[in-house]
Amino acid sequence: MGGAAAGVSQHQPSLFTVICLAVIGHTAFTASRLTVSLAAIQMKAPTLTVGLLLSLYALLPMLLSVHAGRWLDRVGTRVPMLTGTAVIGVGFAVPTVWLSMPALFFNSLMVGTGFMLFHMSIQKLTGELADGPERMRNFGYLAVGFSISAFFGPIIAGQLIDHAGAGASFGASFGASGLLIVLAFALLRWRWTFSGQTLLEQGQPAQSGKVLDLLGTPQLRRLYLSVVLTSTAWDVHMFLTPIQGSKIGLSASQIGVVLGAFAAATFLVRMALPLLVRRFSEWQLIGTVQLVACGVYLAFPLVSTHYGLIVLSFVLGLGLGVGQPAVMSLLHQVSPPGRVGEAVGLRMTLINGTQTVLPTAFGGIGSLLAVFFSGALAYAPLYWAVALMSGAGALGSLRQKIGAPPAAPGPR
């Protein structure tokens, strides 16, 4: 590796360090999404407004992710991570002291934008720590960390909302999330001072290609399409579950448990990922993800009990849990040299594009459907549309012949 930039420590972090940071930041992020949704519902906001609030988490990331990826390639990851945590912290401070609809909109915009920088840095750092089969395993372990945070974030938020006391419940959830971000910032600023690799240290010249050049190979085009389909399946669950749960009379804690079951399943399947990658290629795993999403979304609107939603959420988590590690492993393999950060940025742009457009679109369509349908069936056409998209995507992914073969067994 080349020389260090002046004044900044350049040692590589451990995977454990990266995962700890990921868990802290993602716990706050997932708690924020649930808290914003339920606070808006408590304020009698229409479904369209709830969808718009969730869309704002992804609005600026959709526009800025590619530029942020190029920034990561140039300067490393420490400064973007510090910047991201600072932005997230400001986003939590406002609704903690002033709970209102404008504060919820501010929180969505700031937390989503800051977490984009934080998350992309985590992904780039993880990819730099190993090559080949080790890289896939590292992304699997990182995904386990995200599963832990996705489990605790909604459950902690739901418990605080239900039990913090009248008038303080949502503020307590926002405040606790803000404290987690302060912890992440402090660790980055004074304890863990790595910066990650830059283009200069990798022996790569500054890259000036157009972003559309990344779509010049069939592998990347197919991979990015799979990213959109998997992200849609994931976000529909995060968006519609609080709304559907509220419609059938579930409390905030019960809704948190449903989302927690999804996270618990992703944790379990990701723990098994080192075994899975020895037997299946990344494309086979991605196709299976989409098949599971198809089946669950066909059944989801037909279930109107708490335990039924928990079971479906758990099965969906078993499927979607392997999607991100498989995609990230392929992305690092097929990205042009020196443009990994940019390729990750384009992936984030596509993910945030679905997160910007779909909640608002589904919120508007859901408000219209609610006029004609009642109960859990109000959103059946939305669930079934996603099921059809996922099924079609699965057929395409399972036919892919190009890509990484099953990983060879590594040291245990």
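Coordinate-derived values only; no laboratory data. In this text the structure is predicted, and so the values were computed from the model without any measurement. Please note: Cβ atoms are built from the backbone with ideal geometry, for glycine as well, and neighbour counts cover all protein chains shown.
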Checklist outcome for this item: Placing each pseudo-label 7 Å from Cα in the direction of the beta carbon, CYS20 and ARG191 end up separated by a distance in nanometres of 0.5 nm
Checklist entry - With each pseudo-label sitting 7 Å past Cα toward Cβ, what's the LEU302-LEU179 distance in nm, one decimal? => result 4.5 nm
Checklist entry - Roughly how many nanometres apart are two label points built 7 Å out from the Cα toward the Cβ at GLU134 and VAL311? => result 4.4 nm
Checklist outcome for this item: Answer check: the range 85-125, Cα atoms, Kirkwood Rh, Rg/Rh ratio of 1.09
Item to check | Shape parameters for the range 252-329, alpha-carbon atoms, Rg then Dmax in Å | outcome: 13.2, 40
Next on the checklist: Please report, in whole Å³, the volume per residue of the convex hull around the C-alpha atoms of the range 30-148.
Outcome noted: 110 Å³
Next on the checklist: Neighbour counts of other C-beta atoms within 10 Å: give me THR232, THR113 arranged from fewest to most.
Outcome noted: THR232, THR113
